[in-house]
1. Could you identify which residue out of H171, H27, H133 has the top mean-square fluctuation in a GNM of the chain using Cα springs shorter than 10 Å?
2. Give, in nm to one decimal, the length gained when the segment between D61 and E178 is fully stretched (0.36 nm per residue of separation minus the Cα-Cα distance).
3. For the chain, give the magnitude of the charge dipole about the Cα centre (Cβ charges: +1 Lys/Arg, -1 Asp/Glu; no others), in debye to the nearest 20.
4. Hey, what's region 1-135 come to in accessible area per residue, 1.4 Å probe, Å²?
5. Where the convex hull is taken over the Cα atoms of region 9-138, what is its projected area averaged over directions, in nm²?
6. Kindly express, to the nearest 10 degrees and within the range 0 to 90, the angle between helix 96-106's C-alpha long axis and the longest C-alpha principal axis of the chain.
7. Of P135, P103, P35, which is the most mobile in a GNM of the chain whose springs link Cα atoms less than 10 angstrom apart?
8. On the protein heavy atoms, probe 1.4 angstrom, tell me the percent of accessible surface of the chain carried by carbon and sulfur.
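The values are calculated or read from the model by the stated rules, or taken from the named source; none is laboratory data. This structure is a prediction, so every number in the text was calculated from the model and none was measured. Positions of Cβ are backbone-derived with ideal geometry, glycine not excepted, and every protein chain shown enters the neighbour counts. To get the accessible areas, we keep the full protein, side chains included, count just its heavy atoms, and leave off ligands, DNA and RNA. Shrake-Rupley method; radii C 1.70, N 1.55, O 1.52, S 1.80 Å.
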Amino acid sequence: MIELRGIYKSYGDLEVLKDINLDIHEHEIMTIVGPSGAGKTTLLQIAGTLDRPNRGSALYDGVELTALSDRKLSDFRNRNIGFIFQFHQLLPEFNAQENVALPALIAGMSKKKARAKAAGLLELMGLSERMRHKPTELSGGERQRVAIARALINDPAVVFADEPTGSLDSHNRNEICEVIRRLRSELGQTFVIVTHDPSIASIADRVVTMTDGRITDIDIPGITAGNEQERPEDIDNVAENC
């Protein structure tokens, strides 16, 4: 789905990403782990088109994203990519349904259709009784499930998440892990997740480890190191075997 080749990113004299090469496949859960300052969030932002590399190529189904103008890139992002952040970033003046519907309205969907689709997603998240509540009236786990529904409203091919469980307690972390796993299973959703949370990494099909701006390891849980040639071509088979 997404191919990153020879990605470099610097801020002034600080080189944050150094020759990153990575493929993101359809219908997989990929986690990116590593110490603070390793470049995980920067990589997520470049793969998610929120930032541009200094050098390198980012292809999405063959489309060279780095060649698009800012306006075309913004349109592409709205149609194809969803985002979940550590702090839900919900608008406090809107209720859950309105927060979820907002990206669809920005994309040009009618208000009636956007609200109906938002209601369906909130029902999928187990929040049908909470859709009229504002963020301050929701628990941390509920707010993050609203944020997940918002990320899905435009049917993105891939959802990028930056520490989606970082501000949650263990119960809510497990709840969000189960939601992500279920969405991949039921909807075929692709997730790329930056995390320090072992519970999130445990549900991944691939775990990418970064150190000092480089990818130092790509682990496929359940496959013994040195036997990479035996891995199934379909990443869903890997998940099933795990």
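1. Evaluated over the chain, the most mobile residue of the options is H171.
2. Result: 39.3 nm gained on full extension.
3. Working: 28 positive and 36 negative charges, 242 e Å.
Magnitude of the dipole: close to 1160 debye.
4. Numbers: 6840 Å² over 135 residues.
With the other protein chains kept in place, region 1-135 gives 51 Å² per residue.
5. Average of the hull's projected areas for region 9-138 equals 10.3 nm².
6. With both axes taken from Cα atoms, the answer is about 60 degrees.
7. Among P135, P103, P35, the largest GNM mean-square fluctuation belongs to P35.
8. Working: 5500 of 11740 Å².
Roughly 47 percent of what the probe reaches on the chain is carbon or sulfur.
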